[in-house]
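The values are calculated or read from the model by the stated rules, or taken from the named source; none is laboratory data. All of these numbers come straight from a predicted model, not from anything done at the bench. Glycine also receives a Cβ, built like all others from the backbone with ideal geometry; neighbour counts cover every protein chain displayed. To get the accessible areas, we keep the full protein, side chains included, count just its heavy atoms, and leave off ligands, DNA and RNA. Shrake-Rupley method; radii C 1.70, N 1.55, O 1.52, S 1.80 Å.
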Amino acid sequence: TIEFSAFSDCTGLTSIEIPSSVTYIGDYAFSGCTGLTSIEIPDSVTLMGSSPFSGCTGLTSIVVDENNTVYDSRNGCNAIIETATNTLISGCQNTIIPNGVVTIATSAFRGHSKLKNIEIPSSVTSIANNVFLYCSSLTSIEIPSSVTSIGGSVFSYCTSLANITVS
């Protein structure tokens, strides 16, 4: 188990190997670890809290072990997706949201200040609270007509956001 905020703000942390004995990664476990560039989620992790990698501005690669039965990072998307619900749990600056994702979870991209653009596929129907909170480099976004629910503070503190298109 990696508990709530266990490594929060460890700015010097550049890499971590999560052992196969870990089954749970808690809320904000690695929040603010700005030096962290990549993360590999082993197949043993079957429970993940909210926004485990928020504010990890250097994070460019997220890979979930292909044998994980709960989460995936299909098609090299650089994100953590809860497989059964097609919910994107956590992303990074290089995430490509794959078609088939239905929900973008609370704070999925929170604090990723180097995220410049993101394409939301037409399979997405719900964008939860705080998804792009503090994404200060995000300049524009198109929300497809499939989205029927947008949570609170989704674009708060997106200081470079100049254009939002809602289909």
Check: Which chymotrypsin sites (Phe, Trp or Tyr not before Pro) does segment 1-92 hold that lie in a coil by DSSP with at most 16 other beta carbons within 10 Å?
Finding: PHE4
Check: Where the only charges are on Cβ atoms (+1 Lys, Arg; -1 Asp, Glu), what is the dipole of segment 17-110 about its Cα centre, to the nearest 20 debye?
Finding: 320
Note to self: Where in the chain is the longest stretch that carries no GluC sites (Glu not before Pro) classed as loop by DSSP and with at most 15 other Cβ atoms within 10 Å?
What the structure shows: 67-118
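Give me the one-decimal Kirkwood hydrodynamic radius in Å for the chain, with the sum taken over alpha-carbon pairs.
Every distinct Cα pair counted, the radius reaches 15.6 Å.
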Note to self: Along the charge dipole of the chain, pointing to its positive end and built from +1/-1 on Cβ of Lys, Arg, Asp and Glu, which listed residue (ILE89, VAL166, GLY49) has its Cα farthest out?
What the structure shows: VAL166
Next item on the list: Only bridges with both residues in the chain count here: give the DSSP antiparallel percent, nearest 5.
Entry: 25
Next item on the list: State the Cα centre-to-centre distance between segment 101-152 and segment 3-81 in whole Å.
Entry: 19
Item checked: the chain, dipole about Cα centre (Lys/Arg Cβ +1, Asp/Glu Cβ -1), debye to the nearest 20 -> 520
Next item on the list: Write down the Kirkwood hydrodynamic radius of segment 1-76, to one decimal in angstroms, obtained as one divided by the mean of 1/r over all alpha carbon pairs.
Entry: 12.2
Check: Could you state the per residue volume, in Å³, of the convex hull enclosing the Cα atoms of segment 104-151?
Finding: 59
Check: Projected onto the charge dipole of the chain (+1 at Lys/Arg Cβ, -1 at Asp/Glu Cβ, origin at the Cα centre), which of ALA108, LEU59, SER137 gives the Cα projection farthest towards the positive end?
Finding: SER137
Next item on the list: Could you give log10 I(q)/I(0) at q = 0.23 Å⁻¹ for segment 47-94, computed by the Debye formula over C-alpha point scatterers of equal weight, without solvent?
Entry: -0.80
Next item on the list: Taking 7 Å along the Cα-to-C-beta vector as the label spot, tell me the SER44-SER123 distance in nanometres, rounded to one decimal.
Entry: 3.0
Check: Protein chains only, probe 1.4 Å: how do ASP72, ASP65 rank by accessible area, largest first?
Finding: ASP65, ASP72
